[in-house]
1. Rounded to the nearest whole Å², what accessible area per residue is found for segment 1-79 with the 1.4 Å probe?
2. In terms of solvent-accessible area of protein heavy atoms at a 1.4 angstrom probe, what is the ranking of Thr46, Thr65, Thr87, highest value first?
3. List the trypsin sites (Lys or Arg not before Pro) within segment 17-63 that DSSP assigns to loop and that have no more than 16 neighbouring Cβ atoms inside 10 Å.
4. May I ask you to list the GluC sites (Glu not before Pro) in segment 19-116 that are in a DSSP loop and have at most 14 other Cβ atoms within 10 Å of their Cβ?
5. Could you give the length gained by full extension between Glu42 and Leu112, i.e. 0.36 nm per residue of separation minus their alpha carbon distance, to one decimal place?
6. Can you give the charge dipole size of segment 33-117 about its Cα centre, rounded to the nearest 20 debye, using +1 on the beta carbon of Lys and Arg and -1 on the beta carbon of Asp and Glu?
7. Not counting ligands, DNA or RNA, and with a 1.4 Å probe, what is Ser81's accessible surface area in Å² rounded to the nearest 10?
8. What is the list of residues in segment 78-117 whose amide nitrogen lies under 15 Å from a point 7 angstrom out from the Cα of Lys28, following Cα to Cβ?
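The values are calculated or read from the model by the stated rules, or taken from the named source; none is laboratory data. Being a predicted model, the structure only gives us computed values, none of them experimental. FYI the Cβ positions are ideal-geometry reconstructions off the backbone, even for glycines, and counts take in every protein chain you see. Please note that ligands, DNA and RNA were not included when accessible areas were found on the heavy atoms of the full protein model with its side chains. Shrake-Rupley method; radii C 1.70, N 1.55, O 1.52, S 1.80 Å.
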Amino acid sequence: QLQASGGGLVQAGGSLRLSCAASGRTFKAMGWFRQAPGKEREFVSTIDLMLGRALYADSVKGRFTISRDNAKNAVYLQMNSLKPEDTAVYYCAAGRYTFRPVAYDYWGQGTLVTVSS
């Protein structure tokens, strides 16, 4: 089971930190996807829980940072320099280390991020 938190309303240029805690088992990777109104769900970032390597979507590179705390079985997404186009429901997922959503078997409930201009 995955529990995501940390969404909210922020002004453009601001920051938010999303958290996702996993329970029940361990995974190879945990990641974040997002879905904006009227759009398909898209990859944001993922992290290999053993090696610590990470992938980012081009749209968030240099602004978002994913990290992990294996002791807590948790991952975090630090989002800086937020833009209105980052507005979306953000979903935490667990599965394999890839940008493809089909490789993630477990999904948390979404947390809404709204960036005002």
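1. 54 Å²
2. These residues rank, largest area first, as Thr65, Thr87, Thr46.
3. Within segment 17-63, the qualifying trypsin sites (Lys or Arg not before Pro) (loop, at most 16 other Cβ atoms within 10 Å) are Arg25, Lys28, Lys39, Arg41, Arg53, Lys61, Arg63.
4. Glu40
5. 23.7 nm
6. 100 debye
7. The accessible area of Ser81 comes to roughly 60 Å².
8. Residues 94-106 qualify, since their backbone N sits under 15 Å from the label point.
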